[in-house]
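Asker: Okay, handing you the structure first.
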Amino acid sequence: MTQTVRLATSLLIAALLLVPTVGCSGDSSVPVASAAAATTTDKREITVYVTRTGQKYHRGSCRHLARSKFPMPLSEAKRAYDPCKVCSPPR
């Protein structure tokens, strides 16, 4: 994948994580707790980090994250990036 596609994928994922997961119908009977439950499930996902121009995903403490650092769920990172050989993030 090119760096442009990876950056676009990272930005799309970040945008989707910011959008609330509430029903589209506007029906007020949809419980807000369902959106909270989805957020709770996402918090259990392992978070790794990617850089703006890199091709690897990293642990939060990796030295390669000095200039840019964008959080991403491991499941998403594994689709578009390879693991860093320096910090050995979860696979």
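Throughout, read-outs are computed from the coordinates displayed, never taken from laboratory work. Owing to the predicted nature of the structure, the values given are computational and were not obtained by experimental measurement.
Asker: Take every DSSP beta bridge with both residues inside segment 42-91 and express the antiparallel ones as a percent of the total, to the nearest 5. Could you put the intermediate results ahead of the total?
Answerer: On the way: 6 of 8 bridges.
DSSP beta bridges in segment 42-91 are roughly 75 percent antiparallel.
Asker: Let me ask something else. Taking 0.36 nm per residue of separation and subtracting the Cα-Cα distance, what length does fully extending residue 46 through residue 85 add? Provide the component values of the computation, followed by the final result.
Answerer: Details: separation 39, 0.36 × 39 = 14.04 nm, distance 1.81 nm.
Fully extending the segment from residue 46 to residue 85 adds 12.2 nm.
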